[in-house]
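The values are calculated or read from the model by the stated rules, or taken from the named source; none is laboratory data. Just so it is clear, the structure is predicted and the values come from calculations on it, not from any experiment. So basically every Cβ, Gly included, is an ideal-geometry build from the backbone, and we count neighbours across all protein chains shown. Protein only, heavy atoms only, side chains kept; ligands, DNA and RNA dropped before computing areas. Shrake-Rupley method; radii C 1.70, N 1.55, O 1.52, S 1.80 Å.
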Amino acid sequence: MVEHRGLDIMSTPSSSSPSSSNAEKKLFSKLKVSLTKKYPQKNAETLSAQYGANLLLIGVSVMLALAQHGPAVKKEHLLAFITALMLVQLVWMLCYMIQSERERSPVPEKDAHAGTSWIQGGLTMLALLSLIMDAFRIGSFVGYHSCVSAVLGVYPVVHALHTISQVHFLWFHIKDVIKKYETFERFGVIHAVFTNLLLWCNGVMSEAEHFLNNHRRRLTALGYDNVSTVEAEPNCNCSISVCSMFSTSLYYLYPFNIEYHIFVSAMLLVMWKNIGRTLELHSNSKRPSMRSPGLLLGPLLGLLALASSVTVLVVYLIHIEKSQQTREAAISMFYLYGVVMLSCMCVASGAGLLVYRLEAWPMDTGSNPSRTLDTELLLGSSLGSWLMSWCSVVAVAAAGPGSPSFRWTCLVYSLLLVLEKCVQNLFIVESLYRRRTDPDDAPVPEVFSITPAPVVPPYDGIVNRGYETQDKGCATLEGETPENRAAFSRKHSDVTLPVGNQLSVIHGRKRQILKNITIFLFMCNISLWILPAFGCRPQYDSGLEQETFGYSVWTTVLNLAIPMNLFYRTHSVASLFEVFRKD
């Protein structure tokens, strides 16, 4: 009995060992699945975003060290770092395109809103101007090759190759919704996003340094001897005769190169958000654009605004280099022009919002990463000019009796700038989120729709082939005489057709008003981009804010605010053109 009990005791663990091992295997398999499938895919977006943010911060750290013009960090170090990032992006784009060609699915998923053809065409034009800029850089390097680093020659060559390859990638793959190798592709796309952001930061820093040198030179001409300038050209003779033309032309091409890289970053960010996304059927359908006559007032006023902006730019650049009196006159002219322009834009945006309030168009709340990014970029890029405007308001409030005479126009201009961006943002966002419906369009029943047909009664399986129009024959009641049917037809035509025509006319007029408002705001935003992009920046030259905040603080604010304001104008132009096509 004891031995039997001992055998029973010894046999208990052996009998339970298979179940425990199976439980451990199940636990291990669940843990393996959760570690290999759920968490990496769930956290891939966060991991790649952290990688891109740190990549950007490394580049910004090098730029901040370079801004001090010390002996430790030089321009060659920054360009070598950016060149390495561009080469990595080139390798990733090549691998992605080869993989896409090998594993092409029969019907690949595409996001129709990710990049329209007109945006791709605009980016191609900006890319061509960037290639001209690279050609000027190569020409400048050839002239100074004996006394500059070889990195200054390698960088424009790699940048030109990067630009050509990236434009090809954007044309053929920007709408792709990636469903394979999601984690790897997220890192590749986010690397491309932040590489272009670093190229944008590099262009902004170079352009800001150019304007600061001009500002210091003007202060020196006015008698401020304690302001030092930074030498821009190498300390050696150029071996060709066009070096000065190359160096001067670069600064006229910087605005286009800057806008190219920031727009590429936005498009690639939409592609990054689309990775692993399940497209909805209604969100991927595009409404065909409709042409409507009556576009006269908006384009005429927009062309007038554009012509006046070019005139103000030329007059400002000529008079700002002269005496103190002409400088103040040029700055006053700019602020008066800005007050008129911003007032008209506020009225136009407010009128557009009023038209939307009179309409019954529903809001489209479907998932659309491109539209969401448009809204976020509009609001985020507005912060720069708002900061600059409120600094000007504080400077005017703190100014003494001996301040310049244009301080009150500067106050009105700053307040209108804040108001104009608030109202225009509301108009653009509401336009992008409105779902257009035409009252004169007949409702089309969908297959498998739960909504019953409004007029057509059941046929009971019998269809009379003798009628040419079966809907009219089936719409009449059984037992009606031909005279009753004719009277019903006359009554129906006398009542419904004029009402439908009246609704169509009213709807067409509102659409014409919206299109005129949109094209006017489109031209005004182009005008307000041209002025600061090509040198009309009175915030540097007025001296009003500099007396309140100091030279270093105010120039730092301007170096942050003006690039954001330039991007806001270009992004508003793109959004307004999309609104124009949608209306």
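So if each residue of separation counts as 0.36 nm, and I subtract the Cα-Cα distance between T248 and L336, what length gain in nm does that give? Working shown, then result.
On the way: separation 88, 0.36 × 88 = 31.68 nm, distance 3.04 nm.
Here the segment from T248 to L336 would lengthen by 28.6 nm.
Taking every protein chain into account, the 1.4 Å probe leaves V193 with about 10 Å² of accessible area, to the nearest ten.
Label positions at L317 and Q50, each projected 7 Å from the Cα along the C-beta direction, are separated by 4.8 nm.
Looking at segment 50-156, which trypsin sites (Lys or Arg not before Pro) are in a loop (DSSP not H, G, I, E or B) and have at most 13 other Cβ atoms within 10 Å? Don't skip to the end; give the middle numbers.
Working: sites: K74, K75, R102, R104, K110, R137; in loops: K74, R104.
Here the trypsin sites (Lys or Arg not before Pro) that fit, given the DSSP loop and packing criteria, are R104.
In this structure the amide hydrogen of R434, modeled in the peptide plane, comes within under 5 Å of the amide hydrogens of D364, none closer than 5 places in sequence on its chain.
The alpha carbon centroids of segment 512-583 and segment 306-347 are separated by 14 Å. At full extension, L64 and V88 could sit 6.3 nm farther apart than now, given 0.36 nm per residue minus the alpha carbon distance. The convex hull around the C-alpha trace of segment 358-434, projected and averaged over every direction, spans 6.6 square nanometres. Only protein atoms count toward the accessible area here, which uses a 1.4 Å probe; on segment 56-100, the carbon and sulfur part of that area reaches 77 percent. Along each principal axis, taking the top coordinate minus the bottom one, the Cα set of segment 527-580 gives 44, 16, 14 Å in descending order. With the simple model of a label 7 Å out from the Cα in the direction of the Cβ, C236 to F184 spans 4.4 nm. Model label sites at L379 and Q99, defined 7 Å from Cα along the beta-carbon direction, differ in position by 3.4 nm.
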